[in-house]
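Please read the structure below before turning to the comments.
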Amino acid sequence: MEISMLKKYKWTMISTSIILIIPVIFGLVMWNSLPDMIPTHFDAANNVNGWSSKGTAVLGIPLFMLAIQWLVFAVTTSDPRRQNISPRIQCLILWITPAVSIVEAIVIYGTALGIDIDITLFVNILLGIIFIVLGNYMHKVKQNYSIGVKISWTLNSEENWNRTNRMSSWLLIICGIAFIANAFLKTSYIPAIVIVLFLVVPFAYSYYLYRKGV
């Protein structure tokens with residue numbers, strides 16, 4: 001990670017880091033009102049299936065998210081082809097973790113304080129928005145080692161990269177719409193299908209192009 005890149009995205013990293021610390025501040029303020037064990041994992045039916053200590057929920061999870069944020073920044077700004085990552089796309093990637101963190105905090109603290117929260121609605125809409133936004137930018141990303149469909153065939157062929165990521169853009173948008181629909185349908189199989197599609201289809205399409213000599 002170069003100092004020049006840190007200066008370039010200084011205000012983005014300051015802003016996102018502050019947002020990632022907000023759940024810690026809220027948790028400390030509400031410390032005495034929170035139970036000793038806090039629900040931190042839920043199934044598709046909004047049932048709690050995982051608990052954490054108050055310290056882990058208030059300090060551990062937000063600080064872990066903060067560490068992820070700085071890791072993402074370090075990886076993308078140390079990319080040998082970082083010049084191919086536009087500042088707009090870089091900023092977009094850097095805002096994903098804070099967005100997830102805020103929704104996560106609302107769900108965890110809300111549930112701990114006895115507020116009835118439709119977790120499936122929150123999570124699916126958030127994922128849907130992230131997928132759709134990423135889909136609108138994926139086709140604009142040039143070859144790099146951090147963002148996009150990064151497999152040997154795309155990295156060794158610019159045409160393969162462009163066509164695979166263009167197709168993946170549409171796939172992301174379709175998957176995003178599926179997630180938003182699932183916010184209201186509340187099924188357990190739509191997320192599974194979406195994940196499998198996004199893992200398999202770009203890989204298969206890129207290999208198909210490679211076999212055609214692209």
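Suppose the filter is aromatic (Phe, Trp, Tyr) and in contact (Cβ under 8 Å) with a residue 40 or more places away in the chain; does TRP153 pass it?
Details: aromatic (Phe, Trp, Tyr): yes; in contact (Cβ under 8 Å) with a residue 40 or more places away in the chain: yes.
So TRP153 fits the description; yes.
Let's see how each residue does on (1) in a helix (DSSP H, G or I); (2) closer than 30 Å to PRO23 by Cα; (3) outside the structural domain of ASN46 (by TED's automatic domain parsing):
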site: GLU104; (1), (2), (3): yes, yes, no
site: THR111; (1), (2), (3): yes, yes, no
site: ILE132; (1), (2), (3): yes, yes, yes
site: TRP161; (1), (2), (3): yes, no, yes
site: PHE184; (1), (2), (3): yes, yes, yes
site: ALA192; (1), (2), (3): yes, yes, yes
site: LEU199; (1), (2), (3): yes, no, yes
site: PHE203; (1), (2), (3): yes, no, yes
> Got a number for residues in region 140-165 being farther than 25 Å from LEU71 by Cα and surrounded by fewer than 16 Cβ atoms within 10 Å (Cβ to Cβ)?
Replying inline: 3
>> Just to be sure before I move on: is SER101 surrounded by fewer than 16 Cβ atoms within 10 Å (Cβ to Cβ), closer than 30 Å to LYS7 by Cβ and among the small types (Gly, Ala, Ser) in the structure I sent?
In response: no
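What number of residues within region 65-101 satisfy the criterion of being of a type in the set (Lys, Arg) and part of a helix (DSSP H, G or I)?
Here is the first cut: in region 65-101, the ones of a type in the set (Lys, Arg) are 81-82, 88.
Those left that are additionally part of a helix (DSSP H, G or I): 82, 88.
So the count comes out to 2.
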> From the residues in region 32-52 that are in contact with a strand residue (DSSP E or B) (Cβ under 8 Å, 6 or more places away or on another chain) and in a loop (DSSP other than H, G, I, E, B), which one is farthest from ASP116 (Cα to Cα)?
Replying inline: ASP36
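Condition check: over 29 Å from LEU6 (Cβ atoms), surrounded by fewer than 17 Cβ atoms within 10 Å (Cβ to Cβ) and not polar (S, T, N, Q). Does ILE115 satisfy that?
Considered against the rule, which asks whether it is over 29 Å from LEU6 (Cβ atoms), surrounded by fewer than 17 Cβ atoms within 10 Å (Cβ to Cβ) and not polar (S, T, N, Q), ILE115 comes out as yes.
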> Which of the residues that make up region 2-54 are under 21 Å from VAL100 (Cα atoms) and charged (D, E, K, R)?
Replying inline: LYS10, ASP43, LYS54
> Among all residue pairs at least 6 apart or on different chains, which show Cβ distances below 6 Å where the first residue, located in region 116-129, is within 18 Å of ASN49 (Cα to Cα) and the second is of a type in the set (Lys, Arg)?
Replying inline: THR120/LYS186
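The values are calculated or read from the model by the stated rules, or taken from the named source; none is laboratory data. Bear in mind that the values here come from a model prediction, so they are computed numbers and not experimental data. Positions of Cβ are backbone-derived with ideal geometry, glycine not excepted, and every protein chain shown enters the neighbour counts.
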